[in-house]
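Dumping the structure here so I can ask a few things about it.
The values are calculated or read from the model by the stated rules, or taken from the named source; none is laboratory data. Source: prediction; values computed, not measured. Cβ atoms come from the backbone with ideal geometry, glycine included; neighbour counts cover every protein chain shown.
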Amino acid sequence: MPLTVITGGTRGIGAAIAQRLARDGHDLVLGYRSDEQSAAATTARVAAAGVRCAAVRADLTTDEGIETLFVAAADIGAVTGVVNNAGTTYRYAALDATPADEIRRTIDLNLTAPILVARAGIAALGNGGVVVNITSGAATIGSPGEYVHYAAAKAGLDAFTRGLGLEVADRGIRVVAVAPGLIETDLHATTGDPDRVARMAPQIPLGRSGQPGEIADAVAWLMSDAASYVTATTLRVAGGR
């Protein structure tokens, strides 16, 4: 049975990925930072699918937090996959209106942390397995006036996906990414713009925002044998934008 570690796995897109992979028979280790209620709820929904699931509180901006995740996974079995989903931005603002410490925290969480998680992940995978990085459509749009530093971090993660995918291909490890576009999650409200999805949806070529489950379906495909010839690339799931 596959065993997958998902960072940021208890809310939003991460929770949707967890539930989708559980339906595919994955045992799961779900990392989260602080929301105990969401962690308990997602764990219960995943367990209802008949798989093993551990929710692990871990700060991914520390070496100890990353180690905690993979120690918990080792207690369950051999890791076969990693989903680097944890990430956020803290506000919508122009760069010169964004505090320097906030920029550093954003890049640390959205670029440095997933690189280090992937580093631990490929060590755990050994020979064979899949690493999926959740990047963002912002990486190619640039997101001027909103969060150019976040977009830059996600662009770095796209480049990392390409490079690492080539680096470990001869070990049978596939490294891929999914770049979501405008998705209905609580990110928009927590960063101060709860109406952003409704306002921006008409700008999407398909005429609507996306749902977390649509990202989860893409991740599930990339982790399956159906995508066995796919590596070192990013799949954009953004409604054409």
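Restricting the stretch 212-229 to residues that are hydroxyl-bearing (Ser, Thr, Tyr) and under 19 Å from LEU3 (Cβ atoms), which is surrounded by the fewest Cβ atoms within 10 Å (Cβ to Cβ)?
Step by step, filter the stretch 212-229, then rank; the result is SER228.
Answer yes or no as to whether ALA100 is of a type in the set (A, V, I, L, M) and closer than 13 Å to GLY156 by Cα.
No.
Scan the stretch 33-56 and tell me whether some residue there is β-branched (Val, Ile, Thr), in contact with a His (Cβ under 8 Å, 6 or more places away or on another chain), crowded, with 23+ Cβ neighbours inside 10 Å and touching a residue at least 40 places away in the same chain (Cβ under 8 Å).
Among the residues of the stretch 33-56, not one is β-branched (Val, Ile, Thr), in contact with a His (Cβ under 8 Å, 6 or more places away or on another chain), crowded, with 23+ Cβ neighbours inside 10 Å and touching a residue at least 40 places away in the same chain (Cβ under 8 Å), which makes the answer no.
Then there is this: Say we look at the stretch 100-150 and pick out the residues that are more than 16 Å from the chain's Cα centre (by Cα) and of a type in the set (D, E, K, R); which of these is modelled with the lowest pLDDT?
For the stretch 100-150, the residue satisfying everything is GLU146.
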